[in-house]
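The values are calculated or read from the model by the stated rules, or taken from the named source; none is laboratory data. None of the values given here were measured: they were computed from a predicted structure. Quick reminder, even Gly has a Cβ in these numbers, built from the backbone with ideal geometry, and neighbours come from all protein chains shown.
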Amino acid sequence: MTTDSTERGDRPAGESMPPSFPPPQRRPAAKPARKGGWFRETLTVMVSALVLSIVIKTFLAQAFYIPSGSMENTLELGDRVMVSKLAPGPFDLERGDVVVFVDPGGWLAELPEDRRPGWQRTLTEALTWIGLLPQDAGHHLIKRVIGLPGDQVACCDDQGRLTVNGETVDEPYLYPGAAPSEMPFEVTVPEGRVWVMGDNRGNSADSRAHMGDPGGGTVPIENVVGRAFVLLWPADRMTLLHNPEETFADVPERP
């Protein structure tokens, strides 16, 4: 006995099979945020920033505080400057550079006793070491390089001007009304040293004031921390500190 195909559940001839789809897969539930993840990320960012700051301060640049008026009007008391540590180093010092250097001995008076609370001194020293605070006066000075190793620096000629290797130098950076030097001098800068002077010559105990010291008032190049290239603070005076190249352009090579 024959049975109709529809009764057997068979699909009539010619009718196509419906497409077959895989069963829907359930997405895995999102993992809950790990506790403390944000803290580790924040800590990583902070540590990275501190390490970067220390590297920059150690090898590239550092901020310094100006403790006196010896560089007026180029720099004023209380200014903050950024100092490049690439000169001396990869780059040579040049006449006219404004440099920060460590006291070669006897240039600075003994520092007054620090009466701040211990925690404040420690915090200040730590932030300065990291590079987040400018280096204060301490044992550092800031002056302008006038003579390089081998240079003959003298003052004054018949018109009261400074001479370097016999060439007269007109100094546009001098404090208004200041003479190039109120005391006559003539020196030959030894190898490995520089002759430095403040822009406010009447208020600067620079190389001239230490001619009786070992080295004749010159500063060892190894004591030079770097060259000031930016006046950072106050904000209304922020500017680049350019080397006055034209001032020393006609100075002949060292004899």
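Side notes on the structure shown:
- Those residues of the range 200-225 which are more than 28 Å from Gln62 (Cα to Cα) and outside any helix (DSSP H, G or I), in sequence order: Met211, Gly212, Asp213, Pro214, Gly216
- The single residue among Ser84, Ser16, Ser53, Ser70 that is surrounded by fewer than 10 Cβ atoms within 10 Å (Cβ to Cβ) and either modelled with pLDDT under 55 or touching a helix residue (DSSP H, G or I) at 6+ places or on another chain (Cβ under 9 Å) (or both) turns out to be Ser16.
- Residues considered: Glu222, Glu253. Of these, the only one that is surrounded by fewer than 19 Cβ atoms within 10 Å (Cβ to Cβ), over 15 Å from Tyr173 (Cβ atoms) and at pLDDT 95 or above is Glu222.
- When Asp151, Asp157 are checked against the criterion of being surrounded by 12 or more Cβ atoms within 10 Å (Cβ to Cβ) and modelled with pLDDT of 95 or more, Asp151 stands alone in meeting it.
- Restricting attention to the range 170-192, the residues being acidic (Asp, Glu) and out of contact with any Ser or Thr (no Cβ under 8 Å at 6 or more places or on another chain) number 3.
- Selection status of Ala29, of a type in the set (A, V, I, L, M) and at pLDDT below 60: yes
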